[in-house]
Amino acid sequence: TPAWTAVEVARALSRPRALATLDAALRSDTCKPVDLAAAEVGQAGRRGVVTVRDLIPLARPGAESAMESEARLVMLDGGLPEPVLQYEVIDRDGRLWRLDFAWPDQRLGVEYDGFEFHSTPERLRRDRQKRAALEELGWHVMSIVSDDVRRRPGEMVRRIDARLCARIAA
């Protein structure tokens, strides 16, 4: 089954990539969290299944890329509250924008900017328009890149936490 395959593949991967695999399985809409849990039970005793068991409750279909899954895991491991994934905001001109990670009560959004997706002039222009529209509504939008997630996770968590605390205090 898709859930069995996702668990089997995830068992052989690093923790961040295992979560990305579980997220992708849920996003594909071919299985549900209960299916992943059943597949994990069916693979009890196999190498890597304990890690997968711990990750299943964290798996979300809203993660749209492996790096978004990795970033979310760093956030959760760092003690941040769980963000809302793909949070939608309508700006004053009626345009719909989505934030990769959001804490709506604090009006804080975090965007994962992959170089391959955000490096064209058109994408850069759209990213700037999005940021300006959201800031006009009182949102603060932070950008993160792969180096933040993989090489400086502590700094990334600290920056997000500081911004969350500042937004709560305001």
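The values are calculated or read from the model by the stated rules, or taken from the named source; none is laboratory data. Just so you know, these numbers come straight off a predicted model, no measurement behind them. Neighbour counts run over all protein chains shown; Cβ positions are idealised from the backbone, glycine included. Note: areas computed on protein heavy atoms with side chains; ligands, DNA, RNA excluded. Shrake-Rupley method; radii C 1.70, N 1.55, O 1.52, S 1.80 Å.
Summary of computed values
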| read-out | value |
| --- | --- |
| Criterion (within 23 Å of G154 (Cα to Cα) and of a type outside the set (S, T, Y)) met by exactly one of V50, V74, V89, V34 | V74 |
| Residue check, L73 without any contact (Cβ under 8 Å) to a residue 60 or more places away in the chain and in contact with a His (Cβ under 6 Å, 6 or more places away or on another chain) | no |
| Residue match in the range 100-108 (condition: among the polar types (S, T, N, Q), part of a helix (DSSP H, G or I), touching a residue at least 24 places away in the same chain (Cβ under 8 Å) and open to solvent by less than 10 Å² (accessible area, probe 1.4 Å)) | no |
| Verdict on A10 being among the hydrophobic types (A, V, I, L, M, F, W, C) and without any contact (Cβ under 8 Å) to a residue 60 or more places away in the chain | yes |
| Neighbours by Cβ (under 6 Å, 6+ apart or cross-chain): first from the range 21-46, farther than 12 Å from A10 by Cα; second open to solvent by 40 Å² or more (accessible area, probe 1.4 Å) and part of a helix (DSSP H, G or I) | T30/P2; C31/P2 |
| From the options V145, V157, V141, residue that is touching a Gly at 6+ places or on another chain (Cβ under 9 Å), more than 15 Å from P83 (Cβ to Cβ) and of a type in the set (A, V, I, L, M, F, W, C) | V145 |
| Some residue of the range 120-138 being in contact (Cβ under 8 Å) with a residue 60 or more places away in the chain and either open to solvent by less than 40 Å² (accessible area, probe 1.4 Å) or within 19 Å of the chain's Cα centre (by Cα) (or both) | no |
| Residue under evaluation R72, criteria (1) part of a loop (DSSP other than H, G, I, E, B); (2) open to solvent by less than 10 Å² (accessible area, probe 1.4 Å), criterion not met | (1) |
| Matching residues, the range 139-156, being touching a residue at least 24 places away in the same chain (Cβ under 8 Å), open to solvent by 20 Å² or more (accessible area, probe 1.4 Å) and either over 17 Å from the mean Cα position of the chain (by Cα) or more than 16 Å from R98 (Cβ to Cβ) (or both) | H140, V145, S146, R150, P153, G154 |
